Structure formats: C-alpha cells, structure tokens
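To keep things clear, I will list the structure first and then write my remarks on it.
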Amino acid sequence: MYRIFIVEDDRALARVMQRQIESWGHQVRCAEDLRDIMGEFSAFEPHLVLLDISLPFYNGYHWCEKIRAVSSVPVVFISSASDNMNIVMAMTMGGDDFLPKPVDLDVMMAKLQAVLRRAYDMSGKTPVLEHNGAVLNLNDASLSYEGRRVELTKNEFRILQTLMENKGKVVSRDTLMTRLWQMDAYVEENTLTVNVTRLRRKLEEAGLADFIATRVGAGYIVG
C-alpha cells in the first residue's frame, strides 16, 4: 500500500480519482488547504503526488519546486492544457509524468503504477532506502540493521530519510530544517541538534556508530 497525495482544486474530480486509487489498495489524501500544500505534504508523507498545474494562490510548478527542495518523491502533473509546452515545463520542473484532462481513470492508474514501480520496485518489496547494511522502511518509519530493529520518531525518520536519499552528499542544516518544519514557524536551531543527537544515540545502540557524520559549517552526511 502506498500513500498518494492529490492536489486538485476540482473537488469532484479529486474525489473520483481518490476512489479509483483507493480501489487499488492505496491510501489517498486530497489537499484541503491549497495555501498550505507543504504542511499537508509533510504531515501525510506521501509516496507519490498527483499535482494539478492550474491552482489558486500558487500554481503546480511552484509547489513542485517546494516539494523538490525537500523530497525526491514522484510527482505526476495533471492539466487540461496538455500542449507540448506544458508537458516540457512539467518535466523540467521535476515532474515524473503528465496526466491530461479530462482524466481517463484507467490511464491514470497505469501511469501511477508505472511511476511507483520505477520509484519503489513494486515486485512485492517494501519501499526502503538502504546504505551499508542499514535499511530504512518507508512504510513504517523503522530502521533495520543486522537483525536489530530501531523505532524512530517522526522527526528522526525525516532526518534519516533525507540523509539517506542524499547519501554521499552533505545536507545542510537549512535543508533539514525545511524538511522537518517547512519554515512556516520559527524553530530554534538547537531543536535540530537535539533530534540529530537522539537519532545518533539510537543508531549507535543498533551498532551503527558514526553512521551520520558532521561537516562543520556545512551540515550532515551519510557517507
């Protein structure tokens, strides 16, 4: 079962798509507050986003850019303007596929299944991130290593997921702050430090000492 986030201002269409996707066994959430897409995205932590281009307040390109700043989750754009320019723009902005309106539900499911398969390998496997023997389960926010299972808080999971998605690259503190809290309220930087410290302690207890390294003045890295 995967979590699908639908961002569509046509509520009737959104509900029709929701019912169709749910009939395939997936969990679906339709965006309620089109001013706070990132807040709902963060709370739901979807495996895939269905994103309309023409939205009130900010268009789909804007929200795709915000999503891409914190996540590599697949994004499938939806638009009635299915000309080549819109398709090219959608792909350039980080989209993984394009669904034209009026939406054909069978075509929609075929595209979603294909994108999910590419992103998570749907051959009976649980969606995971793996590095040096550590396996992060994206379904239940747990980490496994050499037969030991580590339960993570929501913030610990988001930190580790972001670092493992960018393994080998330094992730700045600002990027992690954005991933955790979307920067819509002031949060003391020390809060991030506390969460990283607790996460490191759990990893060490599981046998993963030094799994997360600090790059002074730059951020953190899973090497």
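Each value in this text was obtained by applying a stated rule to the coordinates, not by laboratory testing. Remember, predicted model here, so these are calculated numbers, not experimental data. With ideal geometry, Cβ positions are generated from the backbone for all residues, glycine too; neighbour counts draw on all protein chains shown.
Quick notes
- Cα gyration tensor shape of the chain, rounded if a/c is under 1.5, else prolate or oblate by comparing a/b with b/c: prolate
- Burial ranking of peptide ranges 31-43, 206-218 (average Cβ count within 10 Å, highest at the top): 31-43, 206-218
- Listed residues Val171, Val75, Ile37: farthest to the positive end of the dipole of the chain (Cβ charges): Val171
- C-alpha long axis of helix 60-70 to longest principal axis of the chain, angle in °: 10
- Taking the range 128-221 and dividing mean pair separation by its residue count, relative contact order in percent (alpha carbons under 8 Å, at least six apart): 26
- Cβ crowding within 10 Å averaged over residues, with 74-80, 152-158, 137-143 ranked highest first: 74-80, 152-158, 137-143
- Sequence-separation-based contact order of the chain, relative, with Cα cut under 8 Å and 6+ spacing, percent: 13
- Placing unit charges on the Cβ atoms only, positive for Lys and Arg and negative for Asp and Glu, gives the chain a dipole magnitude near 500 debye about its Cα centre.
- Proximal lysines to Lys202, defined as alpha-carbon separation beneath 29 angstrom and excluding residues fewer than eight positions away on the same chain: Lys125, Lys154, Lys167, Lys169
- Crossing angle, helix 11-22 versus the chain [Cα axis fit, 0-90 degrees, rounded to tens]: 60
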